[in-house]
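Working notes, beginning with the structure itself.
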Amino acid sequence: MDVSHIFDELNDAQRAAVAAPPGPILVLAGAGSGKTRVLTCRVAWLVEAMEISPLSILAVTFTNKAAREMRGRIEKMLGFPVGGMWMGTFHGLAHRLLRQHWQEAGLSQDFQILDSDDQLRLIKRSMKELALDEEYWPPREVQWFINAHKEEGRRPDQVPQGPDPQQRTLLGIYEKYEGLCRRFGLVDFAELLLRAFELIKDNQILRERYQKRFQHVLVDEFQDTNSIQYNWLKLLVGQSRNLFAVGDDDQSIYGWRGARVENILQFERDFPGTQTFRLEQNYRSTGNILSAANGVISRNDGRLGKKLWTDGAEGELVKLYTAYNETDEARFVIDRIAAWADNGGLRSEVAVLYRSNAQSRVFEEILLDVGMPYRVYGGLRFFERAEIKDALAYLRLCSSRQNDPAFERVVNTPTRGIGNKTLEQIRAYAGGKDLPMWDAMEIMLRGNDLSGRARGSLTVFHSLIEEMTGQFRGQDLTARIEIMLELSKLIEHHQKEKGEKGQARVENLQELISAARNFEHEEDDGLKPMDAFLSHASLEAGEGQAEEWEDCVQLMSLHSAKGLEFPLVFLTGLEEGLFPHQRSIKEPGRLEEERRLCYVGMTRAMQQLYLTHAEVRRLYGRENYTRPSRFLAEVPGEFLSEIRVTRAAKEYSYNPPAVSPGMADEGDGDVSVGGQVSHPKFGDGVVVHIEGRGDYARVQVNFEAAGSKWLVLAYANLTTL
DNA sequence: GGGTTAACCTTTTTT
DNA sequence: AGGTTAACCC
């Protein structure tokens, strides 16, 4: 078969990787070096040139979105659908495996997936049953402890026991939590991976079966795999050793959640004879952007050593803007985007990147103000919204009565007079008898321990769920959701709420119906459509916003920007404590990860890159003086050009009008927001707010030494600088 | 049992 | 600041 079309748009290094003879292959692919293209072409090459059946291929990606895109590209390249090819995220694939082999995996057939929110609740409950104080044992840290061990493949009895009594308590919670998961038929995210791993490890028949089936395994974003994921891959690959891993150690930014860059180094040790390819030619960014990014990343130690180059144009210098505060920063950025659009650019070609999602707010406010369309990525996703989770919990409970988290979620939502006291009774009974709360409730309804009122309310709830389940019979997924919304009165409940929030919730619930209508599950995993939908809702949290068709500016965190590219990029908030983040500054390892994050951000830019920082930033309601990020100093000066905006221009366009002339006691200028002033006692500072006019005007000044003060202008004796 | 106020706590993210 | 959760009162 003629496979030349696969190679048409590849360079020599890419071509070598794509057509490498099967075996262990490691592709170190720098930012913008055509990583996805190599992966896609490799699959096409396997199918066309090697005549490998798509059924024998397993491909793992980092997100569901990436999986969908890659499948689309491969099908376009091949010209036929490859439905039989296993392709997805580690969690998605593990889930599929566990559904097909629930018995061998020791799970109940109707097991449901526990998201991190529900996981936290269940951990709290475990702690309650162990009578542990949440003050002393913060549930979030316990959650972290449990997940970290699971991600390293350790069950409670496999955690190395030290003499540390704290550790012993944590292990006790881990054990208790596992027991509850088992009792309720629940599997958390880390458990999906761990179970799937153990299934393949311990079950020789299945292991050999899948090793035989998956002749070729491909992994994207290999630098972001954790220990259990890598071990699972190694098991699946078996003796064939046909593992094709693509990654970039410089773009490892998920160490904080268990990802191990070391897997890249380990790869060559685990698979002697690995063919390693380096993709260092960058097709994305201009020379200056690339040099600037290289300058920053070169400060990291222990890199595999890779130097990106381009034969494209030098392009413009990277631009640096020092804003007065975060509002000024946003104004500046949006001004430039407007200019870009005025010159014929698309707004969707522009990305505003930040370290943490909270930073999007200021940008949003001003974008709204000037009426520029935008889209924010990240934040609360569709299936994570409270009202959606409530609705799904009804479905879950109908599908599996033993699901306690679902029970707790809906038993009194909307309120029907079942309070904490009654619930405590049920919990205590359930805990004692090792029963799900549903069963406990049924027994208690037959007994005499409940108050009349509680009994009445619980009976209502009980028949509601039974009625719902009954009406579900013979109905399709969409109809079931309509029945559930009708009987539960969830929509009515939110309609009664005041404000726009209630309206938004109602709309979201209605949106759930269309989500169900659009949901197609084609997998032959033997799942009923509703259970498939519930799993889908857990595994794929859904986009935060509906697809936007308008030409929008893209706002997102640096983490979500990975894998994307934009002609114009603004990397904002480059300040010590914000980026690098406060909590990463002390540890060298974490700091290096922040630097990689910076590198990822910079290398998203194709034509122009702006770096911005603010001198004053409001954080947690406090005004803070900032210091420029160390990463700014790490950009080699020759690739940087500083943008200076005159103070007059800044005030004209961005700041509220200055206090009327003559109000400042001394000095040659007016006191205005953003202006530098000096006070005889407090020293130098910057005016942050002005309230009122004339004699009664009050100003807030951030003094470099004395902090923030409110002063009455007439008495303050300020000198403008 | 339900609604209202006071303390609290802030990464990054997918699954 | 803002949002959530926990204590508190009706």
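Pull out the extension gain between A:Lys501 and A:Thr36, defined as 0.36 nm times the separation in residues minus the alpha carbon to alpha carbon distance; nm, one decimal.
163.3 nm
Within the stretch A:284-320, find all residues whose amide N lies under 12 Å from a label point positioned 7 Å from the Cα of A:Ala339 along Cα-to-beta-carbon.
From the stretch A:284-320, the list is A:319-320.
For chain A, what does the helix formula give at 222 nm: sum of -39500 (n - 2.57) over DSSP H segments with n ≥ 4, over the residue count, nearest 500 deg cm²/dmol?
Values: 30 runs with 336 residues, N = 721.
-14000 deg cm²/dmol, from helical runs alone.
What net charge do the residues around A:Gly577 carry, taking every other residue with its C-beta under 14 Å from that of A:Gly577, with Lys and Arg at +1 and Asp and Glu at -1?
Every neighbour counted, the sum reads +3.
Arrange A:Arg269, A:Arg385 by Cβ neighbour counts within 10 Å, fewest through most, would you?
Numbers: A:Arg269 8, A:Arg385 20.
Ordered by Cβ neighbours within 10 Å, fewest first: A:Arg269, A:Arg385.
In what sequence do A:Cys552, A:Cys41 fall when counting other Cβ within 10 Å, fewest first?
Ascending number of Cβ neighbours within 10 Å: A:Cys552, A:Cys41.
Please give the contour-minus-distance gain from A:Asn412 to A:Leu368: 0.36 nm per residue of separation, less the Cα-Cα distance, rounded to one decimal in nm. Show your work: numbers first, answer last.
Working: separation 44, 0.36 × 44 = 15.84 nm, distance 3.80 nm.
Result for the pair: 12.0 nm of gain on full extension.
For chain A, what class follows from the C-alpha gyration tensor (a ≥ b ≥ c being the square roots of its eigenvalues): rounded when a/c is under 1.5, otherwise prolate if a/b is larger than b/c, else oblate?
Here chain A falls in the oblate category.
Kindly flag which residue pairs out of A:Lys65/A:Lys501; A:Lys433/A:Lys496; A:Lys201/A:Lys433; A:Lys433/A:Lys501; A:Lys319/A:Lys586 have an alpha-carbon separation exceeding 32 Å in this structure. Please report the intermediate quantities before stating the final value.
On the way: A:Lys65/A:Lys501 29 Å; A:Lys433/A:Lys496 39 Å; A:Lys201/A:Lys433 34 Å; A:Lys433/A:Lys501 41 Å; A:Lys319/A:Lys586 29 Å.
Beyond 32 Å between Cα atoms: A:Lys433/A:Lys496; A:Lys201/A:Lys433; A:Lys433/A:Lys501.
So which of A:Lys35/A:Lys306; A:Lys389/A:Lys489; A:Lys212/A:Lys528; A:Lys124/A:Lys421; A:Lys234/A:Lys307; A:Lys124/A:Lys528 end up more than 20 Å apart by C-alpha? Walk me through the intermediate numbers first.
Details: A:Lys35/A:Lys306 14 Å; A:Lys389/A:Lys489 15 Å; A:Lys212/A:Lys528 28 Å; A:Lys124/A:Lys421 17 Å; A:Lys234/A:Lys307 29 Å; A:Lys124/A:Lys528 31 Å.
From the list (A:Lys35/A:Lys306; A:Lys389/A:Lys489; A:Lys212/A:Lys528; A:Lys124/A:Lys421; A:Lys234/A:Lys307; A:Lys124/A:Lys528), the Cα-Cα distance tops 20 Å for A:Lys212/A:Lys528; A:Lys234/A:Lys307; A:Lys124/A:Lys528.
Could you give the length gained by full extension between A:Glu550 and A:Arg68, i.e. 0.36 nm per residue of separation minus their alpha carbon distance, to one decimal place? Please report the intermediate quantities before stating the final value.
Numbers: separation 482, 0.36 × 482 = 173.52 nm, distance 2.26 nm.
Taking 0.36 nm per residue and subtracting the Cα distance, the gain is 171.3 nm.
Where Lys and Arg each count +1 and Asp and Glu each count -1, what net charge lies around A:Ala516 among other residues with Cβ under 11 Å from its Cβ?
Values: positive: A:Arg480, A:Arg517; negative: A:Asp476, A:Glu482, A:Glu511, A:Glu520.
Taking every other residue near A:Ala516 into account, the sum is -2.
Please rank A:Val217, A:Val460, fewest neighbouring Cβ atoms within 10 Å first, as an exposure proxy. Mind dumping the intermediate values first?
Numbers: A:Val217 23, A:Val460 12.
Fewest-to-most Cβ neighbours within 10 Å comes out as A:Val460, A:Val217.
Readers should treat all values here as calculations from the given coordinates under stated rules, not as data from a laboratory. What you are looking at is a predicted structure, and each value in this text was computed from that prediction instead of being measured. Glycine gets a Cβ as well: all are built from the backbone with ideal geometry, and neighbour counts include every protein chain shown.
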